[in-house]
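Just below is one structure, and these are the notes that go with it.
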Amino acid sequence: MMNISFASIDPFVSILFGILILIFPKFLNYLIAFYLILAGLLGLGVLGG
């Protein structure tokens, strides 16, 4: 089973959110909020076991 860490997910999430912001600029605040929550949870070890 592959071990996925925050360091390996971060660049992909950044690219995905960048593309989404270009396509849907109205959702910028929601995407940033979701990204920060996800980064915080992964950093605390709440997600990803």
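The values are calculated or read from the model by the stated rules, or taken from the named source; none is laboratory data. Please read all numbers here as calculations on a predicted model, not as lab measurements. Here the Cβ positions follow ideal geometry from the backbone for every residue, glycine too, while neighbour counts run over all protein chains shown.
Name the pairs whose Cβ atoms lie under 6 Å apart, with the first residue in the stretch 1-18 and over 10 Å from LEU42 (Cβ atoms) and modelled with pLDDT of 60 or more, the second charged (D, E, K, R) and assigned to a loop (DSSP other than H, G, I, E, B), and 6 or more positions between them or separate chains? Nothing qualifies.
Output the residues belonging to the stretch 32-46 that are at negative phi and either surrounded by fewer than 12 Cβ atoms within 10 Å (Cβ to Cβ) or among the charged types (D, E, K, R) (or both). Don't jump to the end; show me each part of the working.
Of all residues in the stretch 32-46, those at negative phi come to 32-44, 46.
Within the stretch 32-46, ALA33, LEU36, ILE37, GLY40, GLY43, LEU44, VAL46 qualify.
Could you check, for the stretch 22-30, whether at least one of its residues is of a type in the set (Val, Ile, Thr) and modelled with pLDDT of 80 or more? Looking for residues that are of a type in the set (Val, Ile, Thr) and modelled with pLDDT of 80 or more, one finds at least one in the stretch 22-30, hence yes.
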